[in-house]
Every structure is written in C-alpha cells, then in structure tokens.
1. State the answer as a single residue: which of 238, 255, 95 lies farthest towards the positive end of the charge dipole of the chain, with beta carbon charges of +1 for Lys and Arg and -1 for Asp and Glu, about the Cα centre.
2. Distance cut-off 22 Å, Cα to Cα: go down the list 168/258; 70/210; 162/206; 32/236; 70/103 and report the pairs above it.
3. Once the range 62-158 is represented by equal point scatterers at the alpha-carbon sites, with solvent omitted, what log10 I(q)/I(0) does the Debye formula produce at q = 0.14, 0.20 Å⁻¹?
4. When only DSSP loop residues count, what GluC sites (Glu not before Pro) in the range 136-197 have their Cβ near at most 16 other Cβ atoms within 10 Å?
5. Report the relative contact order of the chain, percent, no decimals, based on alpha-carbon pairs under 8 angstrom and at least 6 residues apart.
6. What is the Cα radius of gyration of the chain over 2.2 N^0.38 Å, N being its residue count?
7. Which whole-number percentage describes the relative contact order of the range 114-215, with Cα contacts under 8 Å and a sequence gap of 6 or more?
8. When a/c reaches 1.5 or more, the comparison of a/b and b/c decides; with that in mind, is the range 114-215 rounded, prolate or oblate per its Cα gyration tensor?
Amino acid sequence: MHKKATILIIGLVLLFLAGCSDPSNEESSTKKLTISAASSLTEAMQEIKESYESRHSEISLTLNFAGSGKLSQQIQQGAPVDVFLSANQQWMDTLEQEQLILKETRMNFTGNSIVLIADQDRDFDFNSFADIKLSGQEQLALGDPASVPAGMYAKETLQSVKKWGSLKDQMVYARNVRQVLTYVESGNAALGIVYASDALISDQIKVLAKAEASMHRPIIYPAAVTADSSAKVEAKKFLDYLNTEEAQNILQSYGFEK
C-alpha cells in the first residue's frame, strides 16, 4: 500500500507539472495592447500591427477604429484603451486637459492632406474647391465637423473659399471619413471630402482637387498612452516604434506624410 501511495503522489505531481508547462498557458504571458485609432489609419495600422507583432511575439495588438471624437468619448467613459491615435490635436487636447492621457508620452507621428473626390465615372468640369458646383439633387459628403476631424478640415477649407454657406443645404454628414468614401463609391453622394490617404485606397474614385495647406489648420496626427493603461511601458514602446523608419515607410505607402 505504501508503494501504491507513493506512485499515486508521483503521478499527481507529474500531472501538476504538465499543467504548468501546458502551451496554452503561454497565452497568459502575452501582453495585450488595445490601440484606438482614427478610421483613416485603418489599412496602415493593420500592416503596422503585423510588422510589430512579428518582431515582438510577447505583444498582441487589438485595433479599434472609429472617428477621433467617438474614440475620445470612449476613453472618457472608461473604455480599456492603452494607446490613442487621433486624427487631430483637438481631441487629444481634451483628454490631456482631463488627465486621461500621459502628457509626457504625447507625440506627433504623421500627417495628412484634404482632397475633393468623385466617382470615377462622374464628369465634373472643375478642379478646385472654389469651383464646386452641384445640381439640386446632388450631395456633398463630409465627416460631421462636430466630431470628425476630416469634417472639421473640410469645413475650414470650404469656408476659406466662401463655399460653406452656398453648399450647406446639399451636405450629408458621415460618422467617419470611411463612410464618406462609401457614400461616393456607392453614388449616394456626387462629391466627397476625405483625406488623401483614403482616396489612395479606393480604385472607384478620382481626386478632383487637393486643398492648399493655407485653407485649413495643419493636419497632424498625435499619439499618447492613456492614463489608465495597465501596460504603460509596453504602450510607450509601441509609440516609439511609430517613429521608426519602418513604421514611417508603411504610413507613407498609404498616403500619410510627416
């Protein structure tokens, strides 16, 4: 009996050790980071995620895309976010004032420009924002200026060429810049105003005009680690990666400019 008891104990110990070395437990050692990024960064960030994870097997990135205003509000409401990538300074300023980001981690990592787009098959005889003309039933799509940075820049651009008032009744607001692209691609809007990076990813639209830098505030994308992040060290390392040549090359390939 004594011998059987010893064998049983040894067996239990081996089972315990096997459980400790179970490969499935390796998942618990992987650090997960949630990155909330402006919709215009979708394709670029997906490639950056693949690149980063291939070099940092201990890190798993979860990407959350939406308009910068919506993402900012999610952070204000306590959403578990480690890094915020905004399409403008305003929403980052708001979070900094409310001490919801770590001020010392804030940085500018890329930029963009604003363009006027139409479906490839549409024939418009103008090539500047100042010359925009629409028939009674045609619509101009843009992001909601109250919450979407691209919409705010679009409004500033149209105001600079004295077109905001005359076109206002024919505008349709979108919840993010990607929805603007969809409106134009589907024919629901005759024209749209998006980032140059968004125009680059669609083969269904054409660019009619590019806004001059003087027409709107500088389009700069800031990034920061959130104050409530449970992985602040890892999140800061990811921000550092965004400024590397590798990450910058990826961003530039999608139409971003620093």
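None of the figures in this text is laboratory data; all of them are computed from the coordinates on show. It should be emphasised that the depicted structure is a prediction, and the values quoted were computed from it without experimental measurement. Methodologically, a virtual Cβ is constructed for each residue, glycine included, from the backbone with ideal geometry; neighbour enumeration extends over all protein chains shown.
1. 95
2. Distance filter (> 22 Å) returns 168/258; 70/210; 162/206.
3. After summing over all Cα pairs, the log10 values are -0.66, -1.02.
4. Loop-located and lightly packed - 138.
5. On the way: 458 pairs, mean separation 69.3, N = 258.
It comes to 27 percent, rounded to a whole number.
6. Details: Rg = 24.0 Å, N = 258, 2.2 N^0.38 = 18.1 Å.
Against the empirical 2.2 N^0.38 Å value, I get 1.32 for the chain.
7. 46
8. It comes out rounded by the Cα gyration axes.
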